[in-house]
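What follows is one structure encoded as structure tokens, with my remarks underneath.
The values are calculated or read from the model by the stated rules, or taken from the named source; none is laboratory data. All values reported here derive from a predicted model rather than from experimental measurement. Cβ coordinates were reconstructed from backbone atoms using ideal geometry, including for glycine residues, and neighbour counts include every protein chain displayed. SASA here: full protein model, heavy atoms, side chains in, ligands and nucleic acids out. Shrake-Rupley method; radii C 1.70, N 1.55, O 1.52, S 1.80 Å.
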Amino acid sequence: MIYLKKSLITLATLMIMSLLPVQAASSSNSFLTPYTAVYSTIWSKGINLKIEGKQTLKKAPNNQWDFIFTADSLIASLDERVHFKVKDHQILPIHYQYKSSLLGKKRSAELDFDWHSMKVRNNVKNTPWNMSIVPNTVDKLSVQLQVREDVKLGKKRFSYKIADGGHIKTWTFKRDKEEVIDTKLGRIKAIKVTRTDNLDNGKKSSFWFAPKYDYLLVKLVHKEDGQSYNLDIESFKKG
């Protein structure tokens, strides 16, 4: 009887140990599940523009990823995307691209990250130049995925170095209370995250991530100089 008990304990231990590598591998890339989400996007910049936006996370060759957000209408469009890799829960951008048009006014920027030389090549208005970066620097789009992962990991405050406009900026965030919000997917419990580094400048950015949907961004509100930008989830599908 004692031998049988020992055998069962050993068998249970072996089963648990055999699962550990699989669980660890899954956890390390847990937020990298391909998906497509559609949002209603409202820009208020003197006039109100309601545009449908689509966000896509998809796999790329060589264990890399593409994260893309696009929105388009007759008078405004936005195409923002980043190609990146991941190491130890940290996003490492490779190439970032931004293009927008509003009432005929166009803007564009490209960033190429060289992690061997720790530099990023900026190309804004067809004027390229290089600048140094620090470890774990991200761009303005992939930071959304990084915040999402850090919320999943249970962190309360986050600080990131952002390559933006030829400078390295520091963005800080804090995890606020959980709220129930109304969406096209129904009433959803979501964790509110607020950006805290720019409140003195009259700006405010808040994000809501839904644990039910693997911490997907389901709402975003940004206000600045009397203007606002809202994002609300319309639909979501994996793959």
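Structure notes:
- Net length gained if the chain between residue 192 and residue 214 were fully extended (0.36 nm per residue, minus Cα distance): 6.5 nm
- Going by accessible surface with a 1.4 Å probe and the largest first, 195, 157, 107 read 157, 107, 195.
- Distance between the pseudo-spin-label points of residue 59 and residue 129 (7 Å out from Cα toward the beta carbon): 4.1 nm.
- Taking the Cα centre of the chain as reference, the dipole from Cβ charges on Lys and Arg (+1) and Asp and Glu (-1) amounts to some 420 debye.
- Selection from 168, 208, 190, by position along the positive dipole direction of segment 143-224 (Cβ): 190
- Residue 200/residue 168 FRET efficiency (R0 22 Å; Cβ-Cβ; nearest 0.05): 0.65
- When the listed pairs 125/212; 105/174; 54/204 are checked against a 32 Å cut-off, the alpha-carbon distance exceeds it for 125/212; 105/174.
- The figure for residue 205 is an accessible area of roughly 10 square angstrom, using a 1.4 Å probe on the protein chains alone.
- One decimal place: the segment residue 227-residue 52 gains 61.1 nm when fully extended, by the rule 0.36 nm per residue minus the C-alpha distance.
- Between residue 40 and residue 157, the modelled labels are 3.7 nm apart [label points 7 Å from Cα along Cα→Cβ].
- For residue 73 and residue 116, a Förster radius of 35 Å and the Cβ-Cβ distance give a FRET efficiency of 0.30, rounded to the nearest 0.05.
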